[in-house]
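The values are calculated or read from the model by the stated rules, or taken from the named source; none is laboratory data. What you see is a predicted model; the values in this text were computed from it and never measured. Ideal geometry is used to build each Cβ from the backbone, glycine not excepted, and the neighbour counts take in all protein chains shown. Quick note on the areas: whole protein, heavy atoms, side chains included, nothing else; ligands and nucleic acids left out. Shrake-Rupley method; radii C 1.70, N 1.55, O 1.52, S 1.80 Å.
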Amino acid sequence: MRPRFVILLVAVTALLAIVPIVGSPVMVQFGISTLLFAVLAQSWNIIGGFTGYPSFGNSVFYGLGVYGTAIAMAKFSLPFGVGLVCGAILAMLCALLIGLPVLRLRGQYFAIATLGLSVAMAAVFSNIEIAGANIGLILPLTRADGMFYELSLGLLVACVLCVFWISRSRFGMGLIAIREDEHAAASMGVNTTLYKTMALVLSALFTSIAGGIHAYFITFVDPASAFDSTLNVRMVIMTVFGGPGTVLGPVVGAFVLSAVYELLANWISTAAALLFGVVIVVAVIFMPRGIADLAAGIRRQGISYLLQNIRRYRL
Amino acid sequence: MNASSITSPATGMAPLLQTQDITKRFQGLVSVNHVSFDLNDGEILALIGPNGAGKTTLVNLISGTLPPSEGELRFQGTRIDTLPTYRRARLGIARTFQVMKPFRDLTALDNVATAALFGQRGGATTRQAAREDARKWLDFTGLGHRADQRADALGGPDLKRLELAKALAQRPKLLLLDEVMAGLNAVEIDEVVEVIKQIRDSGVTILIVEHVMKAVRSLADRVVVLHHGELIAQGNAETVFQDPRVVEAYLGKRRA
Amino acid sequence: MRYTLTLLAALPALILSAATLAQADDDVITLGASVQQTGQQANTGRYYADAYKLAIDTINAKGGVKVGDKSYKLALKLYDNQSDVNLSVRQYVQLITADKVNYLLGPFASNYALDDSSVAEKYQIPMVQGGGASGQIYARGYKYVFGTLPPAEDYYASTIDMMGKLDPKPANVALISADDSFDVSVAKGTREHLKSAGLNIVVDEKFAENNADFASILSLVKSKTPDVILWSGHETEALNFIRQMKSLDVNPKGFYAFTVGVPTADFRKALGNDANYAFGMTTWLPTDKLPDQWFGNAADFAKVYKEKFGYDPDYHAASAVADVETYAVSLAKAGSLEPPKVRDAIAAIEFDSLYAHIKYGENGQIVLPQVVVQIQNNELMPVYSTDFLNKPQYPVPAWGERK
Amino acid sequence: MLLAQIIVNGVLLGGLYGLMALGMALVWGVLNIVNLAHGAFVMLGGYIVYYLFTTLGIDPLAALPIAMALMFAFGYLLQYVVLNQIIRSAMLNTLLITFGLDVVLTYLAQLGFSADFRTIAPSYAGANFGLLGITVPVAPLAAFAIAWLLAGLTWLLLNRLPLGRAIRATAQNLVAARLYGVNPRRLYAVTFGIGAALAGASGGLYGMISHLSPYVGAPLTAKAFVIAVIGGLHNPFAVVASGLIIGIAESLAALYVGPTYANVISFGLLVLILVLRPSRALRAA
């Protein structure tokens, strides 16, 4: 990686870090949600983008992070940090347990099996007493949005560094090999079962911490919002939009889509959903490999890149 | 009819790979039927037979892509038939695939570098070192000039070379080559034959599945013939090609 | 190429900072709200959007609000949260910090109110909301949150009270509720009310939210032959429940009642004649017995509302008007625009509105009796509050015996 | 008796589920598109029947073929103009674009039809008859019969007509499809159109049994998805049959385990089948 680029990234991070000091509360608010979305997309990228397993079970890890934190804080009056750890452990254990059977499935079948698990988990949590059943749990109100923002930013930085490491490491090459061809990867010496499970566990770790931060930030959790499978759909969309299997693609995807959604929602209000849908459709047609590839393609061949994409993927 | 285990007549050493009564059934269909043979250290063994004889299945059984229904596999004297695929690769068994399996999204260089990072124990540990290894193997297989192209931009012959380079980058003790010459022209075949000889000379034992008889004759120390999943003949190339059962297997095939 | 990426990443932040320029007008008091104008909850969300607008226009037309000796006009800053809870939270922060609205009105539904009221409390800006009834909203000791829907736990109190005076007196009850926060609270409270009234619960089932199939529950109910079905959930589910009651020929001996749907015109229209005989509840009816300083009375309000928006208001709309009027009344009382003073004024006020007699309890929530209503010959009839208001059609005839 | 009633409920409900999944399975199996807008198609079909019934007074059952024809045209155009442009890119992209379409269609439906709830209520919608002490509702029974009828027609189309053979060949291999002398773009559009038409038919029936609003689509997509996986993607009868399995399982679960677990049961069943039959799962890889 070129040093100038590293400096630029550090500068951007520093700029992001001072938002709570110089920016408006609305920006902080928007920032928290966007940074957490970026974490979710980036975590999904580990299992979905690098390993090629389109997980719809990441909303389970998110929900476990939410509930792990909420139960620890609301029921046992433990501090926030301990809550986060509880949530993360819960989610990683779950990834380990469901990973072993479910990671034997490929493609769409893996997707649907994990979707099934997320539905089941929501039902389980809406029936257990310690999770407040359906009434939900209430967390203490904190006036510290700056802290939530910096935590989210810190988590995102950690997550991006982790993915950067993956992209450069033997582990990451193994994951990519699994994505490209699992049989070839195994016959080449990649311990596919271990690698896949590790990828899912890592993905669960970051996803659940994001969930925990959001739980404390929003102060109220119930099963419907914690195990929301449309959240998982958004993780996928942001990642695919930005460029799956790249280091910065999912982050950029999350930033751009969140900004588009937010601006549309606040400027043109009720027609926002329509335009959001149109943006996605147009994006898939003109940049099917994500923003990351779009940037490279435009630089390489200018505007004809867009048309070339259509020629390449149409029937 | 099934030859039992034979120790190497050439060297007298323990064989590198022993297959013993190895059998594979698919829902009642027997694809490989009680096959036993040895593969000696440093030799090239050709596995031939008509289409559907079970050659690729046998390669899959040795590499671990499929589990055997019956029988034993020994590599350097230890049982490997219960080991998962990746453990066998770590012990030093590498293979190419007849239906090629390149990593399409990666460059040729990264394809081979990934193999260099894994493969037999004790290889490259950093991506940098792996890429250096990979460049060496790409040059060796004549693909050096296309190192930075994505695999999905390569044509058939180049993909064959890529498969070979990936297998070599794993620094194998035993190399399983599944029809690496299919679809190549005469000049390209001669090139590959030369490359394989060089590999053998560097001390790698090779099992080669091949339809190109010219190549088999010039390469194989010994030949094993499969027909309908059964081992019908083995020995040096000239003897085997004159075996009436082998002739019948091929001619019968042709008549049908 | 990567530089472009980073620029793209920084862009939204720049745009947002430009978009958040504050504006404040001297003699205008702005109320802010984010409600569901599109998405899943849009069907009920529209009552709030429309009623807020109508109430503010009407108050302005009558001279606005006098605070101290200065007159102010009211204004509304309204966002569509697209039925997305997290977006609604951000929009409330935006309302407070960027749009600098003076005070807040609420969204629809308990789960939205739960999250959004935390924003109000965080910034210590009063929020009067008429869309969330769950007791959870008021169980947190918040100082700045007030509500005009009565507690979920007591929704069936008046219905159960009425059951004691019916002839023949029902004895066995089937209780069916959705599994979300609000309906679970309703079921919990109802169970206690039934117990103290000495009634038997023969079926007690919970169904999953957004469920469309009640065949199993209905078959079970049919086999237990209860006298009464008390049902709690959402409008679409109530609609499916009634349609499937008919097609499976389920006939409780006494009657069946719903927490939602029955007072809503859209609901009655969708069901047609099948809506008849269903019991329901409302905190509000458009009668001329509810006088109002700005609209005259509730009946007049309903007329104006229908003319303006093309559909009949129900208690959601009336409750939303009461929220706006709460500000109009308390601002005059407070004599100041300072949020803490206004907050104290809201806690202390008592006035008559087209919705009800408004007085907030210690925890911020209003206490109101539910009026039991029944659809009789396609008309909504009030039946019972503390005593019978009209004669109920009781017992309800079986599906096969209706004309 | 209760048990028998519950099973009848489940069977009738399952027929409609199966019909919903039929179109999704066809499109998925042939075009490799997991259509997240499938539920929105069901919703649109429902509204078409609703308006034909309420404004023109056409009996809902008679309106079904009209709705199917309109939905076919809609699906054909959508595939021809939009989806054919990206059909060869990664599977996730088709997921993404159909998600976008779902958002757009749902929004347009709210604009055009308002968020009001609608029901398709002909005189026979709530009718029922008793049979051996079991109450059999008429509308779900009709839906059940129509589901099998359409499954049969789909089967005939795929297995007995040249067009169907071309469609099946396309599912295997695009090059083979060209041998049938059919333009693959049109063939894809026709297949997607048939999928949309089947969705439209199930929408009309759904409106008769349940209700319509612009937002009914998403949960129906999920349901159809599950059933398509369980039934496999290649045999219409197996799809409808797996609808029945889900219908019965959910009905029994609602009674004996608790209605909140109905979804857990259907998805649990799905995961179980997937994990126990990995061969099928691997084939799709």
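From D:A37, D:A69, which residue is modelled with pLDDT of 90 or more and surrounded by fewer than 22 Cβ atoms within 10 Å (Cβ to Cβ)? Give the derivation first.
On the way: D:A37 fails: surrounded by fewer than 22 Cβ atoms within 10 Å (Cβ to Cβ).
Residue meeting the stated conditions: D:A69.
Condition first: surrounded by fewer than 23 Cβ atoms within 10 Å (Cβ to Cβ) and assigned to a helix (DSSP H, G or I). Now tell me which residues in segment A:226-235 satisfy that. Even if it seems obvious, please write down each step before you answer.
Here is the first cut: in segment A:226-235, the residues surrounded by fewer than 23 Cβ atoms within 10 Å (Cβ to Cβ) are A:228-231, A:233-234.
A:S229, A:T230, A:L231, A:V233, A:R234, listed by residue number.
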For A:F30, indicate whether it is within 14 Å of another protein chain (Cβ to nearest Cβ), touching a helix residue (DSSP H, G or I) at 6+ places or on another chain (Cβ under 8 Å) and outside any helix (DSSP H, G or I). no
For segment C:191-218, what are the residues that are polar (S, T, N, Q), touching a residue at least 24 places away in the same chain (Cβ under 8 Å) and closer than 19 Å to C:A157 by Cα? C:N200
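Does A:I166 qualify as being touching a residue at least 12 places away in the same chain (Cβ under 8 Å), out of contact with any Pro (no Cβ under 6 Å at 6 or more places or on another chain) and over 30 Å from B:A94 (Cα atoms)?
On the way: touching a residue at least 12 places away in the same chain (Cβ under 8 Å): yes; out of contact with any Pro (no Cβ under 6 Å at 6 or more places or on another chain): yes; over 30 Å from B:A94 (Cα atoms): no.
Spelling it out, it is not the case that A:I166 is touching a residue at least 12 places away in the same chain (Cβ under 8 Å), out of contact with any Pro (no Cβ under 6 Å at 6 or more places or on another chain) and over 30 Å from B:A94 (Cα atoms).
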Heads up, the strands (runs of 3 or more DSSP E) in segment B:36-123 (entirely inside) with at least 1 residues that are without any contact (Cβ under 8 Å) to a residue 60 or more places away in the chain and more than 10 Å from chain A (Cβ to nearest Cβ) are B:70-75
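Only residues that are in a helix (DSSP H, G or I) and more than 14 Å from chain D (Cβ to nearest Cβ): list them for segment C:29-68, please. Don't jump to the end; show me each part of the working.
Just the residues of segment C:29-68 that are in a helix (DSSP H, G or I), to begin with: C:42-61.
Selection gives C:A51, C:Y52, C:K53, C:L54, C:A55, C:I56, C:D57, C:T58, C:I59, C:N60, C:A61.
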For segment D:109-121, give me the residue count where each residue is more than 7 Å from every other protein chain (Cβ to nearest Cβ) and under 21 Å from the mean Cα position of the chain (by Cα). 2
Scanning segment C:128-173 for residues that are over 20 Å from the mean Cα position of the chain (by Cα) and of a type in the set (A, V, I, L, M, F, W, C), which turns out nearest to C:L230 (Cα to Cα)? C:V173
Using the structure shown, decide if C:A152 is more than 22 Å from C:A55 (Cβ to Cβ) and surrounded by fewer than 24 Cβ atoms within 10 Å (Cβ to Cβ). no
From the list D:G18, D:G57, D:G29, exactly one residue is crowded, with 24+ Cβ neighbours inside 10 Å and of a type in the set (G, A, S). Which is it? D:G18
How do the pairs read when you match residues in segment B:203-217 that are within 14 Å of B:A186 (Cβ to Cβ) with residues anywhere that are in a loop (DSSP other than H, G, I, E, B), using Cβ under 6 Å and keeping only pairs 6 or more apart or on different chains? B:V212/B:M181; B:A215/B:M181
I'd like the full set of residues that are at the interface with another protein chain (Cβ under 8 Å from one of its Cβ atoms) and β-branched (V, I, T), limited to segment D:217-237. D:V226, D:V229
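For (1) buried (at least 22 other Cβ atoms within 10 Å of the Cβ); (2) modelled with pLDDT of 90 or more; (3) among the polar types (S, T, N, Q); (4) part of a helix (DSSP H, G or I), each residue gets a yes or a no:
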| site | (1), (2), (3), (4) |
| --- | --- |
| C:R90 | yes, no, no, yes |
| C:Q94 | yes, no, yes, yes |
| C:L104 | yes, yes, no, no |
| C:F108 | yes, yes, no, no |
| C:Y112 | yes, yes, no, yes |
| C:S117 | yes, yes, yes, yes |
| C:V128 | yes, yes, no, no |
| C:G132 | yes, no, no, no |
| C:G141 | no, no, no, no |
Sole exception among (1) crowded, with 23+ Cβ neighbours inside 10 Å; (2) closer than 29 Å to C:G39 by Cα; (3) within 12 Å of chain A (Cβ to nearest Cβ) for D:Y261, by number: (1)
Could you grab me the full set of residues in segment C:312-338 that are open to solvent by 30 Å² or more (accessible area, probe 1.4 Å), touching a Phe, Trp or Tyr at 6+ places or on another chain (Cβ under 9 Å) and either under 17 Å from C:G68 (Cβ atoms) or part of a helix (DSSP H, G or I) (or both)? C:L337
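Name the single residue that is least open to solvent (accessible area, probe 1.4 Å) among those in segment C:174-202 being within 11 Å of chain D (Cβ to nearest Cβ) and of a type outside the set (G, A, S).
Restricting attention to segment C:174-202, the residues satisfying the condition of being within 11 Å of chain D (Cβ to nearest Cβ) are C:176-180, C:184.
From what is left, the residues that are of a type outside the set (G, A, S) are C:176, C:179-180, C:184.
Numbers: C:I176: 0, C:D179: 19, C:D180: 25, C:V184: 24 Å².
Per the stated criteria, the residue is C:I176.
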B:G155 - would you say it is more than 10 Å from chain A (Cβ to nearest Cβ) and modelled with pLDDT under 90? yes
Which condition does B:V195 not pass, out of (1) touching a Ser or Thr at 6+ places or on another chain (Cβ under 9 Å); (2) part of a helix (DSSP H, G or I); (3) under 24 Å from B:D21 (Cα atoms), if it passes all the others? (3)
Give me a count of the residues in segment D:42-80 that are over 19 Å from C:K269 (Cα atoms) and either touching a Ser or Thr at 6+ places or on another chain (Cβ under 6 Å) or part of a helix (DSSP H, G or I) (or both). 24
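Look at A:V66 and say whether it is touching a residue at least 24 places away in the same chain (Cβ under 8 Å) and in contact with a helix residue (DSSP H, G or I) (Cβ under 7 Å, 6 or more places away or on another chain). Talk me through it step by step, then tell me what you get.
Details: touching a residue at least 24 places away in the same chain (Cβ under 8 Å): yes; in contact with a helix residue (DSSP H, G or I) (Cβ under 7 Å, 6 or more places away or on another chain): yes.
Considered against the rule, which asks whether it is touching a residue at least 24 places away in the same chain (Cβ under 8 Å) and in contact with a helix residue (DSSP H, G or I) (Cβ under 7 Å, 6 or more places away or on another chain), A:V66 comes out as yes.
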Look through B:L177, B:L184 and report the one residue that is crowded, with 20+ Cβ neighbours inside 10 Å and either in the same structural domain as B:R88 (by TED's automatic domain parsing) or modelled with pLDDT of 90 or more (or both). B:L177
If you go through segment D:60-90, how many residues are in contact (Cβ under 8 Å) with a residue 40 or more places away in the chain and facing chain A (nearest Cβ under 7 Å)? 2
Let me spell it out: the conditions are (1) open to solvent by less than 10 Å² (accessible area, probe 1.4 Å); (2) touching a residue at least 40 places away in the same chain (Cβ under 8 Å), and A:G277 meets all of them except one. Which number is the exception? (2)
Filter segment C:213-245 down to the residues that are in contact with a Pro (Cβ under 8 Å, 6 or more places away or on another chain) and at the interface with chain D (Cβ under 7 Å from one of its Cβ atoms), then identify the one that is farthest from C:A257 (Cα to Cα). C:S216
